[in-house]
1. Taking the stretch 106-133, which residues are modelled with pLDDT of 95 or more and open to solvent by 60 Å² or more (accessible area, probe 1.4 Å)?
2. ILE228 fails exactly one of the following numbered conditions: (1) at pLDDT 95 or above; (2) touching a helix residue (DSSP H, G or I) at 6+ places or on another chain (Cβ under 8 Å); (3) more than 24 Å from GLY370 (Cα to Cα). What is the number of that condition?
3. Name every residue in the stretch 484-519 that is within 18 Å of GLN347 (Cβ to Cβ) and either surrounded by 13 or more Cβ atoms within 10 Å (Cβ to Cβ) or modelled with pLDDT under 95 (or both), in order of residue number.
4. Those residues that are more than 24 Å from the chain's Cα centre (by Cα) and open to solvent by 50 Å² or more (accessible area, probe 1.4 Å), I need them from the stretch 217-255; list them, please.
5. Quick one: in the stretch 451-477, of everything that is open to solvent by less than 40 Å² (accessible area, probe 1.4 Å), out of contact with any helix residue (DSSP H, G or I) (no Cβ under 7 Å at 6 or more places or on another chain) and under 24 Å from PHE350 (Cα atoms), which residue is modelled with the lowest pLDDT?
6. So in the stretch 1-21, with the set limited to residues that are loosely packed, with under 10 Cβ neighbours inside 10 Å and among the charged types (D, E, K, R), which one is farthest from GLY40 (Cα to Cα)?
7. I'd like to check which helices (runs of 4 or more DSSP H) are fully inside the stretch 324-441 and have at least 1 residues that are without any contact (Cβ under 8 Å) to a residue 60 or more places away in the chain and farther than 22 Å from LEU242 by Cβ.
8. Can you find a residue that is in a strand (DSSP E or B) and either open to solvent by less than 50 Å² (accessible area, probe 1.4 Å) or among the small types (Gly, Ala, Ser) (or both) anywhere in the stretch 256-267?
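The values are calculated or read from the model by the stated rules, or taken from the named source; none is laboratory data. Quantities reported herein were computed from a predicted structural model and do not represent experimental measurements. Cβ: placed from backbone, ideal geometry, glycine included. Neighbour counts: every protein chain shown. Each accessible area value is taken on the protein alone, full model and side chains, heavy atoms only, with ligands, DNA and RNA left out. Shrake-Rupley method; radii C 1.70, N 1.55, O 1.52, S 1.80 Å.
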Amino acid sequence: MRRGLWAAGAAVAAVAAVAVRDLTQRRHALLRNFPVIGHGRYLIEAIGPELRQYVVAANDEERPFTRDQRRWVYASAKKENNYFGFGTDNDIEYTAGYPIIKHRTFGRAVPQSNPEAGYEASVPCAKVLGAARGRAKAFRPASVVNISGMSFGSLSGAAVEALNRGAALAGCLQNTGEGALSPHHRHGGEMVFQIGTSYFGCRDEHGRFDLAKLKAVVESNPIRALEIKLSQGAKPSLGGLLPGAKVSAEIAETRGIPQGVDCVSPSRHAEFSDTDSLLDWVELLAAETGLPVGIKSAVGDLDFWEELTTLMATTGRGVDFVTIDGGEGGTGAAPLIFSDSVSLPFQVGFARVYRLFAERDLHEKVVFIGAGKLGLPDNAIVAFALGCDMVSVAREAMLAIGCIQAQKCHTDTCPTGVATQNRWLTRGLDPALKSVRAANYVKTLRRDLLKVAEACGVEHPGLIETSSVEILDGRTTATPLDRVHDYQPGWGLPSKADREAIIALMLDEPQGGSAPPSR
(Lines give C-alpha, C1' and ligand atoms only; values in the text may rest on other atoms or scores of the structure.)
Protein backbone atom coordinates (compact mmCIF):
# COMPACT_ATOMS: atom_id res chain seq x y z
CA MET A 1 0.00 0.00 0.00
CA ARG A 2 2.76 2.40 0.98
CA ARG A 3 4.62 1.68 -2.26
CA GLY A 4 1.46 2.44 -4.23
CA LEU A 5 0.99 5.70 -2.40
CA TRP A 6 4.63 6.62 -2.97
CA ALA A 7 4.29 5.86 -6.70
CA ALA A 8 1.09 7.87 -6.98
CA GLY A 9 2.64 10.75 -5.09
CA ALA A 10 5.71 10.70 -7.32
CA ALA A 11 3.52 10.72 -10.41
CA VAL A 12 1.46 13.65 -9.14
CA ALA A 13 4.65 15.52 -8.25
CA ALA A 14 6.08 14.90 -11.71
CA VAL A 15 2.93 16.13 -13.42
CA ALA A 16 2.87 19.19 -11.15
CA ALA A 17 6.50 19.93 -11.99
CA VAL A 18 5.75 19.71 -15.70
CA ALA A 19 2.73 21.98 -15.22
CA VAL A 20 4.78 24.58 -13.38
CA ARG A 21 7.47 24.47 -16.03
CA ASP A 22 4.89 24.82 -18.82
CA LEU A 23 3.17 27.76 -17.13
CA THR A 24 6.41 29.66 -16.57
CA GLN A 25 8.21 29.00 -19.87
CA ARG A 26 7.72 31.44 -22.76
CA ARG A 27 8.93 29.51 -25.82
CA HIS A 28 5.67 27.64 -26.56
CA ALA A 29 2.36 29.47 -26.29
CA LEU A 30 0.45 26.19 -26.56
CA LEU A 31 2.10 24.75 -23.46
CA ARG A 32 1.75 28.02 -21.55
CA ASN A 33 -1.99 28.04 -22.23
CA PHE A 34 -2.54 24.29 -21.92
CA PRO A 35 0.04 22.90 -19.52
CA VAL A 36 0.72 19.15 -19.52
CA ILE A 37 -2.00 18.18 -22.01
CA GLY A 38 -0.39 20.39 -24.66
CA HIS A 39 2.46 17.89 -24.88
CA GLY A 40 0.01 15.49 -26.49
CA ARG A 41 -0.03 17.67 -29.57
CA TYR A 42 3.77 17.40 -29.96
CA LEU A 43 3.61 13.65 -29.41
CA ILE A 44 1.02 13.24 -32.16
CA GLU A 45 3.07 15.48 -34.45
CA ALA A 46 6.17 13.38 -33.77
CA ILE A 47 4.49 10.10 -34.65
CA GLY A 48 2.28 11.58 -37.37
CA PRO A 49 4.28 10.14 -40.29
CA GLU A 50 4.07 6.68 -38.77
CA LEU A 51 0.32 7.02 -38.12
CA ARG A 52 -0.31 8.12 -41.70
CA GLN A 53 2.00 5.46 -43.09
CA TYR A 54 0.45 2.50 -41.31
CA VAL A 55 -3.05 3.60 -40.26
CA VAL A 56 -4.50 6.62 -42.04
CA ALA A 57 -3.26 6.72 -45.65
CA ALA A 58 -4.88 4.52 -48.29
CA ASN A 59 -2.84 2.02 -50.30
CA ASP A 60 -2.17 4.44 -53.15
CA GLU A 61 -2.08 7.80 -51.35
CA GLU A 62 1.22 8.15 -49.55
CA ARG A 63 4.24 9.87 -51.08
CA PRO A 64 6.92 9.50 -52.26
CA PHE A 65 6.12 5.78 -52.37
CA THR A 66 2.64 4.46 -51.69
CA ARG A 67 1.95 1.45 -49.49
CA ASP A 68 1.25 -0.63 -52.61
CA GLN A 69 4.56 0.37 -54.16
CA ARG A 70 6.49 -0.34 -50.98
CA ARG A 71 4.73 -3.66 -50.55
CA TRP A 72 5.70 -4.64 -54.11
CA VAL A 73 9.36 -3.77 -53.44
CA TYR A 74 9.43 -5.55 -50.06
CA ALA A 75 7.79 -8.69 -51.42
CA SER A 76 10.08 -8.69 -54.46
CA ALA A 77 13.16 -8.29 -52.27
CA LYS A 78 12.12 -11.21 -50.09
CA LYS A 79 11.12 -13.26 -53.14
CA GLU A 80 7.62 -13.57 -51.74
CA ASN A 81 4.31 -13.35 -53.58
CA ASN A 82 4.24 -9.82 -55.04
CA TYR A 83 0.96 -10.25 -56.87
CA PHE A 84 -2.15 -8.19 -55.96
CA GLY A 85 -5.69 -9.45 -55.82
CA PHE A 86 -9.16 -8.19 -56.76
CA GLY A 87 -7.96 -5.61 -59.30
CA THR A 88 -6.34 -2.20 -59.22
CA ASP A 89 -7.20 0.33 -56.54
CA ASN A 90 -5.67 3.14 -58.60
CA ASP A 91 -8.21 5.65 -59.88
CA ILE A 92 -7.34 5.12 -63.54
CA GLU A 93 -10.77 6.19 -64.79
CA TYR A 94 -10.37 9.78 -63.64
CA THR A 95 -6.59 10.26 -63.31
CA ALA A 96 -5.16 12.47 -66.05
CA GLY A 97 -1.56 11.64 -66.90
CA TYR A 98 -1.94 7.95 -66.05
CA PRO A 99 0.11 5.76 -68.46
CA ILE A 100 -1.52 2.77 -70.13
CA ILE A 101 0.68 0.15 -71.82
CA LYS A 102 -0.89 -1.42 -74.88
CA HIS A 103 -0.33 -5.15 -75.29
CA ARG A 104 -0.26 -6.82 -78.70
CA THR A 105 -2.49 -9.74 -79.58
CA PHE A 106 0.13 -11.14 -81.98
CA GLY A 107 3.75 -10.06 -81.65
CA ARG A 108 7.25 -11.36 -82.32
CA ALA A 109 7.83 -12.23 -78.66
CA VAL A 110 5.58 -14.65 -76.79
CA PRO A 111 5.44 -14.31 -72.99
CA GLN A 112 5.80 -17.38 -70.81
CA SER A 113 3.01 -18.08 -68.34
CA ASN A 114 5.16 -19.37 -65.48
CA PRO A 115 5.38 -16.65 -62.78
CA GLU A 116 9.09 -17.42 -62.35
CA ALA A 117 9.78 -17.06 -66.06
CA GLY A 118 12.42 -14.47 -66.79
CA TYR A 119 13.60 -14.19 -63.19
CA GLU A 120 17.10 -15.36 -64.02
CA ALA A 121 16.96 -14.02 -67.57
CA SER A 122 19.78 -11.92 -68.93
CA VAL A 123 18.49 -8.47 -69.91
CA PRO A 124 21.56 -6.52 -71.12
CA CYS A 125 21.62 -2.99 -72.45
CA ALA A 126 20.60 -2.68 -76.09
CA LYS A 127 23.63 -0.47 -76.80
CA VAL A 128 27.35 -0.99 -76.24
CA LEU A 129 28.49 1.74 -73.86
CA GLY A 130 31.39 3.69 -75.36
CA ALA A 131 31.36 1.92 -78.74
CA ALA A 132 30.09 4.92 -80.73
CA ARG A 133 33.13 6.96 -79.68
CA GLY A 134 35.61 4.10 -79.85
CA ARG A 135 36.50 4.00 -76.16
CA ALA A 136 39.17 1.43 -75.37
CA LYS A 137 37.11 -0.17 -72.61
CA ALA A 138 33.69 0.00 -74.25
CA PHE A 139 31.31 -2.71 -73.00
CA ARG A 140 27.72 -3.85 -73.07
CA PRO A 141 26.24 -3.42 -69.57
CA ALA A 142 24.85 -6.77 -68.44
CA SER A 143 21.71 -5.28 -66.87
CA VAL A 144 19.18 -2.65 -67.89
CA VAL A 145 18.53 -2.07 -64.16
CA ASN A 146 21.41 -0.72 -62.09
CA ILE A 147 21.92 0.83 -58.66
CA SER A 148 22.06 4.62 -58.69
CA GLY A 149 24.57 6.94 -57.04
CA MET A 150 24.28 6.94 -53.24
CA SER A 151 27.39 8.01 -51.36
CA PHE A 152 29.05 6.36 -48.40
CA GLY A 153 28.36 9.01 -45.79
CA SER A 154 24.83 9.55 -46.90
CA LEU A 155 24.35 5.78 -46.58
CA SER A 156 25.92 3.66 -43.90
CA GLY A 157 28.84 1.39 -44.66
CA ALA A 158 26.62 -1.63 -44.07
CA ALA A 159 24.07 -0.35 -46.60
CA VAL A 160 26.75 0.35 -49.22
CA GLU A 161 28.20 -3.13 -48.70
CA ALA A 162 24.77 -4.74 -48.99
CA LEU A 163 24.13 -2.92 -52.27
CA ASN A 164 27.55 -3.80 -53.67
CA ARG A 165 27.18 -7.46 -52.79
CA GLY A 166 23.67 -7.34 -54.24
CA ALA A 167 24.98 -5.82 -57.47
CA ALA A 168 27.44 -8.69 -57.77
CA LEU A 169 24.68 -11.26 -57.21
CA ALA A 170 22.34 -9.58 -59.71
CA GLY A 171 25.02 -8.86 -62.30
CA CYS A 172 24.32 -5.14 -62.37
CA LEU A 173 26.36 -1.98 -61.85
CA GLN A 174 26.53 0.11 -58.68
CA ASN A 175 27.18 3.84 -58.94
CA THR A 176 29.49 4.98 -56.13
CA GLY A 177 27.83 8.38 -55.70
CA GLU A 178 30.06 11.41 -55.34
CA GLY A 179 31.39 10.34 -51.91
CA ALA A 180 34.22 8.28 -53.46
CA LEU A 181 34.93 4.57 -53.45
CA SER A 182 35.06 3.18 -49.91
CA PRO A 183 36.11 -0.22 -48.52
CA HIS A 184 32.40 -1.05 -48.43
CA HIS A 185 32.26 -0.87 -52.23
CA ARG A 186 34.86 -3.64 -52.56
CA HIS A 187 32.69 -6.75 -52.32
CA GLY A 188 32.52 -7.94 -55.90
CA GLY A 189 30.11 -5.56 -57.57
CA GLU A 190 31.21 -3.67 -60.67
CA MET A 191 30.90 0.09 -60.45
CA VAL A 192 30.42 3.42 -62.15
CA PHE A 193 32.68 5.95 -60.44
CA GLN A 194 30.89 9.27 -59.97
CA ILE A 195 32.96 12.46 -59.96
CA GLY A 196 31.32 15.31 -58.07
CA THR A 197 32.35 18.90 -57.54
CA SER A 198 34.62 18.07 -54.58
CA TYR A 199 36.44 15.31 -56.49
CA PHE A 200 36.27 12.94 -53.52
CA GLY A 201 38.54 9.97 -54.04
CA CYS A 202 40.51 11.72 -56.78
CA ARG A 203 41.66 14.98 -55.15
CA ASP A 204 44.86 16.26 -53.64
CA GLU A 205 45.36 17.67 -50.14
CA HIS A 206 44.04 21.06 -51.31
CA GLY A 207 40.83 19.65 -52.78
CA ARG A 208 41.94 19.95 -56.40
CA PHE A 209 41.29 17.25 -58.98
CA ASP A 210 44.16 14.76 -59.22
CA LEU A 211 44.23 12.72 -62.44
CA ALA A 212 46.89 10.36 -61.11
CA LYS A 213 44.69 9.44 -58.13
CA LEU A 214 41.73 8.83 -60.40
CA LYS A 215 43.77 6.52 -62.61
CA ALA A 216 45.04 4.64 -59.55
CA VAL A 217 41.46 4.09 -58.32
CA VAL A 218 40.35 2.93 -61.77
CA GLU A 219 43.27 0.54 -62.15
CA SER A 220 42.76 -1.11 -58.75
CA ASN A 221 38.97 -1.53 -58.76
CA PRO A 222 36.27 -2.99 -61.07
CA ILE A 223 35.19 0.42 -62.40
CA ARG A 224 33.51 0.24 -65.81
CA ALA A 225 32.63 3.89 -66.47
CA LEU A 226 33.02 7.44 -65.15
CA GLU A 227 30.06 9.73 -64.48
CA ILE A 228 30.54 13.48 -64.06
CA LYS A 229 27.80 14.76 -61.78
CA LEU A 230 26.56 18.16 -62.89
CA SER A 231 23.39 18.24 -60.81
CA GLN A 232 20.85 16.09 -59.00
CA GLY A 233 17.10 16.10 -59.51
CA ALA A 234 16.15 16.76 -55.90
CA LYS A 235 18.62 19.62 -55.41
CA PRO A 236 19.95 21.02 -58.70
CA SER A 237 22.53 23.81 -58.56
CA LEU A 238 23.30 23.03 -54.92
CA GLY A 239 26.40 21.42 -53.50
CA GLY A 240 26.18 18.67 -50.95
CA LEU A 241 26.52 18.96 -47.18
CA LEU A 242 27.65 16.19 -44.85
CA PRO A 243 27.47 17.46 -41.24
CA GLY A 244 30.67 17.18 -39.23
CA ALA A 245 28.98 14.77 -36.81
CA LYS A 246 28.68 12.26 -39.64
CA VAL A 247 32.26 12.70 -40.90
CA SER A 248 33.83 9.71 -39.18
CA ALA A 249 37.48 8.73 -39.49
CA GLU A 250 36.53 6.21 -42.18
CA ILE A 251 34.55 8.75 -44.20
CA ALA A 252 37.31 11.32 -43.82
CA GLU A 253 39.89 8.85 -45.15
CA THR A 254 37.61 7.76 -48.01
CA ARG A 255 36.88 11.31 -49.14
CA GLY A 256 40.22 12.87 -48.29
CA ILE A 257 38.78 15.45 -45.88
CA PRO A 258 39.23 16.40 -42.19
CA GLN A 259 37.40 14.28 -39.64
CA GLY A 260 34.54 15.85 -37.67
CA VAL A 261 34.29 18.97 -39.86
CA ASP A 262 31.28 19.90 -41.99
CA CYS A 263 31.91 18.65 -45.52
CA VAL A 264 30.51 21.20 -47.97
CA SER A 265 30.65 20.42 -51.69
CA PRO A 266 30.73 23.35 -54.12
CA SER A 267 27.84 23.85 -56.51
CA ARG A 268 30.14 24.04 -59.54
CA HIS A 269 33.10 22.12 -60.94
CA ALA A 270 36.54 23.73 -61.00
CA GLU A 271 37.88 21.69 -63.95
CA PHE A 272 35.54 23.27 -66.50
CA SER A 273 33.46 26.42 -66.72
CA ASP A 274 31.33 25.95 -69.84
CA THR A 275 30.09 23.27 -72.20
CA ASP A 276 33.15 23.47 -74.46
CA SER A 277 35.61 22.93 -71.61
CA LEU A 278 33.38 20.18 -70.18
CA LEU A 279 33.77 18.22 -73.41
CA ASP A 280 37.53 18.79 -73.33
CA TRP A 281 37.60 17.27 -69.85
CA VAL A 282 35.39 14.36 -70.91
CA GLU A 283 37.80 13.52 -73.72
CA LEU A 284 40.79 13.84 -71.37
CA LEU A 285 39.29 11.41 -68.86
CA ALA A 286 38.34 8.96 -71.61
CA ALA A 287 41.80 9.08 -73.18
CA GLU A 288 43.63 8.67 -69.87
CA THR A 289 41.48 5.84 -68.48
CA GLY A 290 40.03 4.21 -71.58
CA LEU A 291 36.63 4.18 -69.88
CA PRO A 292 33.33 5.45 -71.24
CA VAL A 293 32.57 8.86 -69.72
CA GLY A 294 29.15 10.41 -69.22
CA ILE A 295 27.29 13.10 -67.32
CA LYS A 296 24.46 13.13 -64.80
CA SER A 297 22.14 16.10 -64.65
CA ALA A 298 18.72 17.32 -63.78
CA VAL A 299 16.90 19.31 -66.48
CA GLY A 300 16.05 22.98 -66.20
CA ASP A 301 16.98 25.53 -68.84
CA LEU A 302 17.73 23.86 -72.20
CA ASP A 303 20.56 26.20 -73.27
CA PHE A 304 23.20 23.81 -71.93
CA TRP A 305 21.71 20.84 -73.77
CA GLU A 306 21.46 22.79 -77.02
CA GLU A 307 25.12 23.78 -76.72
CA LEU A 308 26.16 20.25 -75.81
CA THR A 309 24.40 18.60 -78.73
CA THR A 310 25.58 21.27 -81.18
CA LEU A 311 29.21 20.82 -80.10
CA MET A 312 28.91 17.04 -80.22
CA ALA A 313 27.49 17.23 -83.75
CA THR A 314 30.18 19.61 -85.04
CA THR A 315 33.43 19.02 -83.12
CA GLY A 316 33.82 15.25 -82.82
CA ARG A 317 33.89 15.38 -79.03
CA GLY A 318 31.14 13.98 -76.90
CA VAL A 319 29.84 12.08 -73.92
CA ASP A 320 29.22 8.34 -74.06
CA PHE A 321 26.16 8.38 -71.83
CA VAL A 322 23.71 10.83 -70.33
CA THR A 323 21.93 10.18 -67.02
CA ILE A 324 18.82 12.31 -66.62
CA ASP A 325 17.59 12.68 -63.04
CA GLY A 326 14.00 13.78 -62.51
CA GLY A 327 12.88 16.36 -60.00
CA GLU A 328 10.90 13.62 -58.21
CA GLY A 329 14.19 11.86 -57.39
CA GLY A 330 15.52 11.38 -53.87
CA THR A 331 18.25 12.91 -51.76
CA GLY A 332 19.66 12.58 -48.28
CA ALA A 333 18.81 16.22 -47.53
CA ALA A 334 17.66 19.25 -49.49
CA PRO A 335 15.78 22.53 -48.95
CA LEU A 336 12.05 21.96 -49.42
CA ILE A 337 11.75 24.46 -52.26
CA PHE A 338 14.43 22.59 -54.25
CA SER A 339 13.06 19.09 -53.72
CA ASP A 340 9.51 20.31 -54.41
CA SER A 341 9.84 22.81 -57.23
CA VAL A 342 13.29 23.09 -58.85
CA SER A 343 14.08 20.95 -61.96
CA LEU A 344 11.65 19.23 -64.28
CA PRO A 345 10.10 15.86 -63.49
CA PHE A 346 11.70 12.95 -65.31
CA GLN A 347 9.34 12.42 -68.24
CA VAL A 348 9.21 16.07 -69.23
CA GLY A 349 12.92 16.71 -68.75
CA PHE A 350 14.10 13.52 -70.43
CA ALA A 351 11.86 13.95 -73.46
CA ARG A 352 13.09 17.51 -74.04
CA VAL A 353 16.72 16.45 -73.85
CA TYR A 354 16.22 13.37 -76.00
CA ARG A 355 14.55 15.47 -78.71
CA LEU A 356 17.61 17.70 -78.95
CA PHE A 357 19.89 14.69 -79.40
CA ALA A 358 17.52 13.14 -81.95
CA GLU A 359 17.18 16.35 -83.97
CA ARG A 360 20.98 16.33 -84.40
CA ASP A 361 21.09 12.60 -85.20
CA LEU A 362 22.98 11.82 -81.98
CA HIS A 363 20.41 9.72 -80.15
CA GLU A 364 21.69 6.40 -81.48
CA LYS A 365 25.28 7.22 -80.46
CA VAL A 366 24.59 7.91 -76.79
CA VAL A 367 23.42 5.58 -74.03
CA PHE A 368 20.55 7.19 -72.12
CA ILE A 369 20.02 6.38 -68.46
CA GLY A 370 16.96 7.44 -66.51
CA ALA A 371 16.65 8.09 -62.78
CA GLY A 372 13.91 9.37 -60.47
CA LYS A 373 11.35 6.81 -59.22
CA LEU A 374 12.08 4.50 -62.15
CA GLY A 375 12.50 1.46 -59.92
CA LEU A 376 8.79 0.76 -60.36
CA PRO A 377 7.85 -1.21 -63.50
CA ASP A 378 5.22 1.19 -64.87
CA ASN A 379 7.50 4.22 -64.62
CA ALA A 380 10.42 2.29 -66.08
CA ILE A 381 8.41 1.08 -69.09
CA VAL A 382 7.49 4.67 -69.99
CA ALA A 383 11.16 5.63 -69.62
CA PHE A 384 12.24 2.87 -72.03
CA ALA A 385 9.56 3.88 -74.52
CA LEU A 386 10.85 7.47 -74.42
CA GLY A 387 14.38 6.33 -75.26
CA CYS A 388 16.09 5.19 -72.07
CA ASP A 389 18.52 2.32 -72.52
CA MET A 390 18.90 1.69 -68.79
CA VAL A 391 17.38 2.84 -65.51
CA SER A 392 19.12 3.53 -62.20
CA VAL A 393 17.33 2.84 -58.92
CA ALA A 394 18.13 4.43 -55.56
CA ARG A 395 15.34 4.72 -52.99
CA GLU A 396 13.73 1.52 -54.26
CA ALA A 397 17.03 -0.26 -53.64
CA MET A 398 17.09 1.28 -50.16
CA LEU A 399 13.61 -0.10 -49.54
CA ALA A 400 14.83 -3.51 -50.67
CA ILE A 401 17.53 -3.57 -47.98
CA GLY A 402 15.26 -2.41 -45.18
CA CYS A 403 14.34 1.28 -45.53
CA ILE A 404 10.83 1.91 -44.17
CA GLN A 405 10.42 5.43 -45.63
CA ALA A 406 10.82 6.99 -42.19
CA GLN A 407 12.20 10.09 -43.96
CA LYS A 408 14.86 10.62 -41.28
CA CYS A 409 17.78 10.58 -43.77
CA HIS A 410 18.81 14.15 -42.89
CA THR A 411 18.79 13.58 -39.10
CA ASP A 412 21.28 10.67 -38.82
CA THR A 413 18.57 8.70 -36.99
CA CYS A 414 17.45 6.27 -39.71
CA PRO A 415 15.77 3.51 -37.66
CA THR A 416 16.86 0.69 -39.97
CA GLY A 417 20.53 1.67 -40.29
CA VAL A 418 20.38 2.47 -44.01
CA ALA A 419 20.96 6.25 -44.04
CA THR A 420 22.89 6.90 -40.83
CA GLN A 421 26.39 6.67 -39.40
CA ASN A 422 25.10 5.81 -35.92
CA ARG A 423 26.82 2.54 -35.01
CA TRP A 424 23.99 1.32 -32.82
CA LEU A 425 21.50 1.74 -35.65
CA THR A 426 23.71 0.34 -38.42
CA ARG A 427 24.44 -2.81 -36.41
CA GLY A 428 20.89 -3.95 -37.18
CA LEU A 429 21.58 -4.10 -40.92
CA ASP A 430 23.12 -7.43 -41.97
CA PRO A 431 24.88 -6.87 -45.35
CA ALA A 432 24.97 -10.57 -46.19
CA LEU A 433 21.20 -10.98 -45.78
CA LYS A 434 20.25 -7.64 -47.29
CA SER A 435 22.49 -8.16 -50.34
CA VAL A 436 20.31 -11.11 -51.34
CA ARG A 437 17.24 -8.93 -51.01
CA ALA A 438 18.80 -6.21 -53.16
CA ALA A 439 19.60 -8.79 -55.83
CA ASN A 440 16.10 -10.29 -55.62
CA TYR A 441 14.58 -6.85 -56.17
CA VAL A 442 16.76 -6.07 -59.21
CA LYS A 443 16.02 -9.48 -60.75
CA THR A 444 12.30 -9.09 -60.15
CA LEU A 445 12.19 -5.66 -61.75
CA ARG A 446 14.11 -6.97 -64.76
CA ARG A 447 11.70 -9.91 -65.01
CA ASP A 448 8.67 -7.64 -64.96
CA LEU A 449 10.18 -5.33 -67.58
CA LEU A 450 10.89 -8.31 -69.79
CA LYS A 451 7.36 -9.71 -69.35
CA VAL A 452 5.81 -6.34 -70.26
CA ALA A 453 8.10 -6.05 -73.29
CA GLU A 454 6.95 -9.48 -74.45
CA ALA A 455 3.32 -8.46 -73.88
CA CYS A 456 4.04 -5.53 -76.21
CA GLY A 457 5.30 -8.05 -78.77
CA VAL A 458 9.04 -7.28 -78.54
CA GLU A 459 12.00 -9.13 -77.08
CA HIS A 460 13.55 -6.43 -74.92
CA PRO A 461 12.38 -3.38 -72.92
CA GLY A 462 14.54 -1.10 -75.06
CA LEU A 463 12.47 -2.09 -78.11
CA ILE A 464 9.18 -0.84 -76.68
CA GLU A 465 7.96 1.98 -78.94
CA THR A 466 6.16 5.14 -77.94
CA SER A 467 3.13 3.79 -79.84
CA SER A 468 2.82 1.12 -77.14
CA VAL A 469 1.99 3.70 -74.47
CA GLU A 470 -0.89 6.12 -74.16
CA ILE A 471 -1.43 8.78 -71.51
CA LEU A 472 -4.95 9.14 -70.16
CA ASP A 473 -6.50 12.61 -70.39
CA GLY A 474 -9.42 11.62 -68.21
CA ARG A 475 -12.18 9.06 -68.31
CA THR A 476 -12.85 8.96 -72.05
CA THR A 477 -9.74 10.14 -73.94
CA ALA A 478 -6.03 9.33 -74.13
CA THR A 479 -3.06 10.68 -76.10
CA PRO A 480 -0.27 8.52 -77.57
CA LEU A 481 3.06 9.03 -75.82
CA ASP A 482 4.81 10.27 -78.97
CA ARG A 483 2.23 13.05 -79.39
CA VAL A 484 2.47 14.03 -75.73
CA HIS A 485 6.21 14.65 -76.09
CA ASP A 486 6.34 15.61 -79.81
CA TYR A 487 8.41 12.60 -80.91
CA GLN A 488 9.07 11.70 -84.54
CA PRO A 489 8.63 8.15 -85.89
CA GLY A 490 11.50 5.91 -84.78
CA TRP A 491 12.57 8.08 -81.87
CA GLY A 492 13.06 6.24 -78.62
CA LEU A 493 14.54 3.15 -80.28
CA PRO A 494 18.18 2.06 -80.69
CA SER A 495 19.73 1.99 -84.15
CA LYS A 496 18.79 -0.80 -86.56
CA ALA A 497 22.13 -2.53 -85.96
CA ASP A 498 21.68 -2.34 -82.18
CA ARG A 499 18.12 -3.64 -82.47
CA GLU A 500 19.26 -6.63 -84.50
CA ALA A 501 22.10 -7.35 -82.07
CA ILE A 502 19.93 -7.25 -78.95
CA ILE A 503 17.22 -9.38 -80.57
CA ALA A 504 19.86 -12.00 -81.38
CA LEU A 505 21.02 -11.95 -77.76
CA MET A 506 17.50 -12.18 -76.37
CA LEU A 507 16.57 -15.13 -78.62
CA ASP A 508 18.67 -17.27 -76.27
CA GLU A 509 15.94 -16.74 -73.65
CA PRO A 510 13.03 -19.23 -73.74
CA GLN A 511 9.75 -18.15 -75.28
CA GLY A 512 6.22 -19.02 -74.27
CA GLY A 513 3.64 -20.67 -76.45
CA SER A 514 0.20 -22.23 -76.57
CA ALA A 515 -1.40 -25.61 -76.18
CA PRO A 516 -1.03 -27.97 -79.17
CA PRO A 517 -3.49 -27.17 -81.99
CA SER A 518 -6.48 -29.45 -82.49
CA ARG A 519 -5.18 -30.66 -85.82
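1. Hits for the stretch 106-133 are ALA132, ARG133.
2. (3)
3. Answer for the stretch 484-519, where residues must be within 18 Å of GLN347 (Cβ to Cβ) and either surrounded by 13 or more Cβ atoms within 10 Å (Cβ to Cβ) or modelled with pLDDT under 95 (or both): VAL484, HIS485, TYR487, TRP491, GLY492, LEU493.
4. GLU219, SER220, ALA245, ALA249, GLU250, GLU253
5. Among those that are open to solvent by less than 40 Å² (accessible area, probe 1.4 Å), out of contact with any helix residue (DSSP H, G or I) (no Cβ under 7 Å at 6 or more places or on another chain) and under 24 Å from PHE350 (Cα atoms), it is GLY474.
6. Going through the qualifying residues, I end up with ARG2.
7. Correct list: 336-341, 346-359, 377-386.
8. yes
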